[in-house]
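The values are calculated or read from the model by the stated rules, or taken from the named source; none is laboratory data. Because the structure is predicted, anything quoted here is derived from the model rather than measured. Cβ atoms come from the backbone with ideal geometry, glycine included; neighbour counts cover every protein chain shown.
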There are 2 protein chains.
Amino acid sequence: MKFARTRLPGPDGDVARLVVVDTDGDRVVDLATAERLRLQGRGASERRAREVALTTFPGSLAAALGTGEEFLDAVGRALDARGDDASAPLDGPDWLASVDAPLLRDCSAFEEHLVGYHERLGLEMNMGHFEMPAYYKTSPSRLIGHGAEVPWPHYTDYLDYELELGFVVGKVGRDLDPEAAESLLFGVTIFNDFSARDIQAPEMRLGLGPTKSKDFASALGPWVTTIDELDVRALEMIARVNGEEWSRGSSSSMIWTPGELVAYISQGDELHAGDVIGSGTAPRGSALELGRKLSPGDQVELEVTGVGVLRNVVGPKQPAGWRPPKKEPKIFGKARA
Amino acid sequence: MKFARTRLPGPDGDVARLVVVDTDGDRVVDLATAERLRLQGRGASERRAREVALTTFPGSLAAALGTGEEFLDAVGRALDARGDDASAPLDGPDWLASVDAPLLRDCSAFEEHLVGYHERLGLEMNMGHFEMPAYYKTSPSRLIGHGAEVPWPHYTDYLDYELELGFVVGKVGRDLDPEAAESLLFGVTIFNDFSARDIQAPEMRLGLGPTKSKDFASALGPWVTTIDELDVRALEMIARVNGEEWSRGSSSSMIWTPGELVAYISQGDELHAGDVIGSGTAPRGSALELGRKLSPGDQVELEVTGVGVLRNVVGPKQPAGWRPPKKEPKIFGKARA
């Protein structure tokens, strides 16, 4: 099954809607509408049916997944009863990020990309990458969906894409082993971890991880395919820029299994429904590794077999903004001078 | 004014409550109760008064701050009308993290700590720290409050404290200059960034920033003092372990002003009400820099003038858990061999 989030206008502004995507029938089903119709068919008042339907199927996939295993049962009931009556054409929606992830942790689980970006950015590769799966957290304020324009921040001249899988967590969990961890996975979405390359190496040399080089845009979409429909260790991944294939890889070459990634993250920490875990970039899954660059207006498509195609267009560079002034060290270097 | 969050039992489990702390009168005022009484005094039904009061003053400070400038006006109305009737002794509450921060970004804005921890951890210090304020994001699942026990994760033998300020954001903002950024600050809380030192250097060498070394516990409390009551550039900071003073510093020695930190974070990214920005650790504000260690049962107190004292006790080391197996590189090093 495939879940997505769309945007609809309402009397108090746009609202997010949770939909099921039927790629065979080229339809999307609005779950709250199907559930409202189902409840009304069982004698509920319109007002109460709307209230309950919007609680069961809010615009937040994270909130809906928080219902646990009950969620898919509720989806089944709504679709069976009134799915057809609540459906619309697949090419219509204004897509939001497929998951409103409370937290997006991004790993780096493809060795070829690890080696490649370290070389290109002039960073020293470290054997520790084979002893623990390093990851950083991006800003959950900057999630965008299929079709959205990618904002080009004022502080970078080198915008890049990254071809990644997004593993979507379906339940709360902590201190898990890989087997238990794998059972937390609800589905897979496509993740384009847009990056500002000229600021990434200076940031990473400071040891606290990437921030400005990553936090401006993370595309998730077009939808989330549930884990039962996929072999997560054999997903083909392709990136195209303006229709030309630039990158191709497979999840089979990951250093760490999805279960190992989730298990590692869960140690001492807690995972929640809707959290997304990025796989890291597929081999040669970025322009950086190919010695190429993106330009404003470029169309970037990421395709993953069994999931779909996530398409975004790179926006114009934003006008100059504030930059931090250089500070004078008061201690560092003084003792040695 | 001082705001905190406490825990009260209810018919459906514990609930979080938003309170105002009166340190002169040694009282805490439950805001939802004061507002409910005020509304009932104006002819509201009990049910409707409760509904509106809990919407105006939910247990989430982040949600309440999301109301913007209206929030403090509503607090004033509730306190003026029925503050006394909704108050209880200050020594009673079960404290939660003072802010349920959607995102906690932690900077490293004290030069002496930067130099000190690089030396102690055997990491190379970089001049880039004087060109941009580096920061990482911790796990918002692991916030704890005043009085809470600090969980000691199974994977570390070296638990440490960090004496920090937590700047609490009161409004949404992006792409700000330092002056506009400073106006986003609602208040200051005390932040103990508990750290696992033996895993921190190996993690930081991987370039993606600290995760397991930080994500297991972040204490915020005991409350948030509003910015109008403080001179944020002259806050005295003290750490005591089992009653003995270990660390002392002042916000006056920060490399970056709070306004510069907020402005930098806002570039290309978005700040939200309730987000917390850590100052970084005060000079010699950790056991690491003193060549000391914490033990289970140690009581750690952080004091900041004008805010209060945040006290936590270090818990016992947790039983062994899963650790990632070492992987064999397939590419890295092969070409050179």
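Can you give me the number of residues within the stretch A:231-286 that are under 17 Å from A:GLY306 (Cβ atoms) and among the acidic types (Asp, Glu)? Total satisfying the criteria: 2. When B:LEU290, B:LEU310 are checked against the criterion of being more than 14 Å from every other protein chain (Cβ to nearest Cβ) and buried (at least 23 other Cβ atoms within 10 Å of the Cβ), B:LEU310 stands alone in meeting it. Applying the criterion of being part of a loop (DSSP other than H, G, I, E, B) and in contact with a His (Cβ under 7 Å, 6 or more places away or on another chain) to the residues of the stretch B:309-337, the residue that is nearest to A:PHE130 (Cα to Cα) is B:GLY321.
When each of B:THR211, B:THR156, B:THR226 is tested for being of a type in the set (Val, Ile, Thr) and buried (at least 24 other Cβ atoms within 10 Å of the Cβ), the lone residue that passes is B:THR211.
In the stretch B:88-104, the residues that are closer than 30 Å to A:SER141 by Cβ form Cβ pairs under 8 Å with partners that are part of a loop (DSSP other than H, G, I, E, B) and among the hydrophobic types (A, V, I, L, M, F, W, C), at six or more places apart or across chains, as follows: B:TRP95/B:ALA148. Scanning the stretch A:26-54 for residues that are in contact (Cβ under 8 Å) with a residue 60 or more places away in the chain and either among the small types (Gly, Ala, Ser) or surrounded by 22 or more Cβ atoms within 10 Å (Cβ to Cβ) (or both) yields one hit, A:VAL28. As a summary of the residue check, A:ARG36 satisfies the conditions (1) in contact with a helix residue (DSSP H, G or I) (Cβ under 6 Å, 6 or more places away or on another chain); (2) under 22 Å from A:THR225 (Cβ atoms) except for the one numbered (2). Restricting attention to the stretch B:72-97, the residues being buried (at least 20 other Cβ atoms within 10 Å of the Cβ) and of a type in the set (A, V, I, L, M, F, W, C) number 7.
Kindly provide the set of residues from the stretch B:86-103 that are within 10 Å of chain A (Cβ to nearest Cβ) and either over 27 Å from B:ARG233 (Cβ atoms) or aliphatic (A, V, I, L, M) (or both), ordered by number.
Correct list: B:LEU103 only.
Every test in (1) of a type in the set (D, E, K, R); (2) within 9 Å of chain A (Cβ to nearest Cβ); (3) touching a His at 6+ places or on another chain (Cβ under 9 Å) is passed by B:ARG284 save one, and that test is (2). A single entry from B:ALA86, B:ALA44 fulfils the requirement of being small (Gly, Ala, Ser), over 24 Å from the mean Cα position of the chain (by Cα) and under 26 Å from B:ALA148 (Cβ atoms): B:ALA86. Taking the criterion of being within 7 Å of chain B (Cβ to nearest Cβ) and within 19 Å of A:GLY68 (Cα to Cα), the residues of the stretch A:264-273 that qualify are A:GLU270, A:HIS272. Taken over the stretch A:104-139, the criterion of being surrounded by fewer than 24 Cβ atoms within 10 Å (Cβ to Cβ), more than 7 Å from every other protein chain (Cβ to nearest Cβ) and closer than 18 Å to A:PRO210 by Cβ is satisfied by A:GLY116, A:HIS118, A:GLU119, A:ARG120, A:LEU121, A:GLY122, A:GLU124. Note on the stretch B:290-330: residues that are modelled with pLDDT of 95 or more, basic (Lys, Arg) and closer than 28 Å to A:ILE255 by Cβ amount to 3.
Return a yes/no flag: does the stretch B:24-37 have any residue that is outside any helix (DSSP H, G or I), within 22 Å of the chain's Cα centre (by Cα), within 18 Å of B:ALA273 (Cα to Cα) and of a type outside the set (Phe, Trp, Tyr). Among the residues of the stretch B:24-37, not one is outside any helix (DSSP H, G or I), within 22 Å of the chain's Cα centre (by Cα), within 18 Å of B:ALA273 (Cα to Cα) and of a type outside the set (Phe, Trp, Tyr), which makes the answer no. Here A:ASP177 meets the list (1) at the interface with chain B (Cβ under 7 Å from one of its Cβ atoms); (2) among the acidic types (Asp, Glu); (3) surrounded by 24 or more Cβ atoms within 10 Å (Cβ to Cβ) almost entirely, failing just condition (3).
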